[in-house]
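Participant: Dumping the structure here so I can ask a few things about it.
The values are calculated or read from the model by the stated rules, or taken from the named source; none is laboratory data. From a predicted model like this one, the values you see are computed outputs, not experimental measurements. Because the Cβ atoms are built from the backbone with ideal geometry, glycine has one as well, and the counts that use them run over all protein chains shown. Heavy atoms of the whole protein, side chains included, go into the accessibility calculation; ligands, DNA and RNA do not. Shrake-Rupley method; radii C 1.70, N 1.55, O 1.52, S 1.80 Å.
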Amino acid sequence: MCTPGQPYNSTVADLTNVEANMKRRRDIVTRLMRDNETILAVGSYPELGSGDFLEPPHKANGEFSRSLFLPDEVINPHPRFRTLAGNIRERRGSKVAINMPIFHDTNTPQPFIDPTIPYERNIFPGDKEAKEGAALPDHIYMDAMGFGMGCCCLQITLQAPNVNQARRLYDQLATVGAVMMSLSASSPIFRGYLAD
């Protein structure tokens, strides 16, 4: 069994089990592969939100995410996940706006204005946000939580006994957060575009 049956505990031993667990999963997959196959570890599907990336295809016009690119069919059917997308949108007063710099090669127009964004769609109130500046030039625009927290990750929850300890913990993690993100970067392609 590779998937933990319960959450990891708060010990160093449990933290070291994560790596062993991931190695075990990789070994299982490797045994099932042909000699000419290899594992490519990416944090998100490169074509996520790009055209008909699902089989069977679904239209990106769902009430829950209201995304220009992701259909609601990619959201876990548990009510928690569908409600979460709406709650975050309501709290922010807008959809999420993820803008990843595009990689410029000799064939990339400058400035790059994404021709696949349906600027004229008018199904939900937030549809106009991309046209009104949420989609930046020279960036890959993504408008749903499925592009961020919906991708593969290891999530941990930390609890401190009081506010002072929580602040201390935050201060310690904030200094290494950017380094850890760089070390774990594994998503060079978003919506079919190569990111810089």
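Participant: Sort through L84, L68, L54 and tell me the only one that's within 23 Å of the chain's Cα centre (by Cα), in contact (Cβ under 8 Å) with a residue 60 or more places away in the chain and assigned to a loop (DSSP other than H, G, I, E, B). Give the derivation first.
Facilitator: Numbers: L84 fails: assigned to a loop (DSSP other than H, G, I, E, B); L54 fails: in contact (Cβ under 8 Å) with a residue 60 or more places away in the chain.
That would be L68, the only listed residue that is within 23 Å of the chain's Cα centre (by Cα), in contact (Cβ under 8 Å) with a residue 60 or more places away in the chain and assigned to a loop (DSSP other than H, G, I, E, B).
Participant: Also, I was wondering about something else. Between a first residue in region 25-41 that is more than 21 Å from S187 (Cα to Cα) and touching a residue at least 60 places away in the same chain (Cβ under 8 Å) and a second residue that is part of a loop (DSSP other than H, G, I, E, B) and open to solvent by less than 100 Å² (accessible area, probe 1.4 Å), which pairs have beta carbons less than 9 Å apart while being 6 or more apart in sequence or on different chains?
Facilitator: Here the result reads none, with nothing in region 25-41 linked to a residue that is part of a loop (DSSP other than H, G, I, E, B) and open to solvent by less than 100 Å² (accessible area, probe 1.4 Å).
A quick yes/no check of all residues on (1) under 16 Å from the mean Cα position of the chain (by Cα); (2) of a type outside the set (S, T, N, Q):
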residue: I88; (1), (2): yes, yes
residue: T116; (1), (2): no, no
residue: D127; (1), (2): no, yes
residue: G148; (1), (2): yes, yes
residue: N164; (1), (2): no, no
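Participant: Kindly list the number of the only condition in (1) in a helix (DSSP H, G or I); (2) at pLDDT 80 or above; (3) of a type in the set (G, A, S) that fails for A160.
Facilitator: (1)
Participant: Separate question: Name every residue in region 31-79 that is open to solvent by less than 30 Å² (accessible area, probe 1.4 Å) and of a type in the set (D, E), in order of residue number.
Facilitator: D72
Participant: Are there any pairs, at least 6 apart or on different chains, whose C-beta atoms fall under 7 Å, with the first in region 1-19 and within 13 Å of L158 (Cα to Cα) and at pLDDT 75 or above and the second of a type in the set (A, V, I, L, M) and open to solvent by less than 100 Å² (accessible area, probe 1.4 Å), and if so, which?
Facilitator: none
Participant: Please specify each residue of region 37-51 satisfying the condition of being at pLDDT 90 or above and either on the phi > 0 side of the Ramachandran plot or not in a loop (DSSP other than H, G, I, E, B) (or both). Quick ask: steps written out before the conclusion?
Facilitator: Pass one, region 37-51, residues at pLDDT 90 or above: 37, 47-50.
G49, the sole residue that qualifies.
Participant: To continue, here is another question. Suppose we keep only residues that are under 20 Å from the mean Cα position of the chain (by Cα) and closer than 17 Å to E132 by Cα within region 90-111. Which one would you say is surrounded by the fewest Cβ atoms within 10 Å (Cβ to Cβ)?
Facilitator: R92
Participant: Is it fair to say H139 is in contact (Cβ under 8 Å) with a residue 12 or more places away in the chain and open to solvent by 40 Å² or more (accessible area, probe 1.4 Å)? Talk me through it step by step, then tell me what you get.
Facilitator: Details: in contact (Cβ under 8 Å) with a residue 12 or more places away in the chain: yes; open to solvent by 40 Å² or more (accessible area, probe 1.4 Å): yes.
For H139, the condition - in contact (Cβ under 8 Å) with a residue 12 or more places away in the chain and open to solvent by 40 Å² or more (accessible area, probe 1.4 Å) - is met.
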